[in-house]
1. Considering only region 7-69, give the strands (runs of 3 or more DSSP E) lying wholly within it that have at least 1 residues that are among the acidic types (D, E).
2. Please go through region 33-47 and pick out each residue that is closer than 22 Å to S183 by Cβ and within 19 Å of the chain's Cα centre (by Cα).
3. Within the group V21, V50, which residue is modelled with pLDDT of 95 or more and within 13 Å of the chain's Cα centre (by Cα)?
4. For region 108-115, indicate whether the set of residues that are surrounded by 20 or more Cβ atoms within 10 Å (Cβ to Cβ) and under 20 Å from A145 (Cβ atoms) is non-empty.
5. Looking at region 63-100, which of the residues that are under 12 Å from the mean Cα position of the chain (by Cα), surrounded by 24 or more Cβ atoms within 10 Å (Cβ to Cβ) and within 16 Å of ligand 2 (Cβ to nearest atom) is nearest to V129 (Cα to Cα)?
6. For region 82-103, name all the residues that are within 15 Å of ligand 1 (Cβ to nearest atom) and part of a loop (DSSP other than H, G, I, E, B).
7. Only helices (runs of 4 or more DSSP H) wholly contained in region 157-267 count here; list those with 2 or more residues that are at pLDDT 90 or above and farther than 21 Å from A142 by Cβ.
8. Please verify whether region 105-118 includes one or more residues that are within 13 Å of ligand 2 (Cβ to nearest atom), part of a loop (DSSP other than H, G, I, E, B) and more than 22 Å from V229 (Cα to Cα).
Amino acid sequence: MTQDLSPVTRIPRTGLPPYAVVVGDPARTATVAALLDGAEEVSYHREYRVFRGSWKGLPVTVASHGVGAPGAILLFQELADAGVRTVLRLGTAGAMRPGIGDGDLVVAEAAVRDDGVTQQLLPPEYPAVSAPEAVLALVRAAREAGVPHHRGIVWTRAAFQPGLIPLNAYDGARLAAIEMELSALLVTASLRGLVAGGVLVVDGVNADELVDGKASFSTGAYDPHREVVARGVERGSVVALEALRLLARAEEAPAGPAEAADPGATA
Ligand SMILES: O=P(O)(O)O[C@H]1O[C@H](CO)[C@@H](O)[C@H]1O
Ligand SMILES: O=c1cc[nH]c(=O)[nH]1
């Protein structure tokens, strides 16, 4: 029997666990899947590679979305169509604030919508915010794992390489990191009633270097191919999976009176 597959990403329309970790690099799905019990590759079409498996008894989906928000949002939408309800992005990012170092994690509280695609879907004033429970679960998981981590607002920016327009629009805005897909996930989540968040592994442009004036925050010190980044990705994988487990456990707990009265609370 031919499986019913989504049109672009070719992920199965049914049978995916509702808790998901999404990553940019298809190779990273295998890194995360290696931590799971009973991991199996479900599909691999274009940049969209999907595994399913179990983390401490919780069935999870692990999927890649490639580089750039226009392609990534196709995966986010098709995951939602397939019944996935909680999505955490485990990405890499450049640091933008003093004190954030290579391999550290940044837990995103919100993202600047400079993603190049959501502007075509709804007005730019609409915010891209992480679910507060996702932020708290990621921070708790990072703290319990003893992983260096920071919280803050992330700049999702469609252009990776610098062009002619100066990149100083957010100087002084205390942004924590820069990457390319998170705001598209957060906006999709708000529109579709999903719980979403992001944890990013810093792969360069250490903000201490910025302060010293040794690098610009373009790609001066960008180098994701280092041991410090690989270790950060391993730690970030555990943090993301553990945060999913905390979120699932909290959702199983009986709703309080305020949540029960608010139909949006359990969307
Ligand atoms: O490592 P990933 O998750 O792909 O994230 C970052 O890395 C890519 C750029 O090198 C972009 O996708 C950016 O968001
Ligand atoms: O988009 C990205 C990803 C990683 N590092 C960066 O500096 N930018």
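The values are calculated or read from the model by the stated rules, or taken from the named source; none is laboratory data. Not measured: the values here are computed from a predicted model. For neighbour counting, all protein chains shown are included, and Cβ atoms are generated from backbone atoms with ideal geometry for every residue, glycine included.
1. The strands (runs of 3 or more DSSP E) meeting that bar are 37-45.
2. The one that is closer than 22 Å to S183 by Cβ and within 19 Å of the chain's Cα centre (by Cα): E47.
3. Answer to the check: V21.
4. Yes, because at least one residue in region 108-115 is surrounded by 20 or more Cβ atoms within 10 Å (Cβ to Cβ) and under 20 Å from A145 (Cβ atoms).
5. R89
6. Of region 82-103, the ones within 15 Å of ligand 1 (Cβ to nearest atom) are 87-96, 102-103.
M96, D102, G103, listed by residue number.
7. By residue number, 182-192.
8. Yes, region 105-118 has at least one match.
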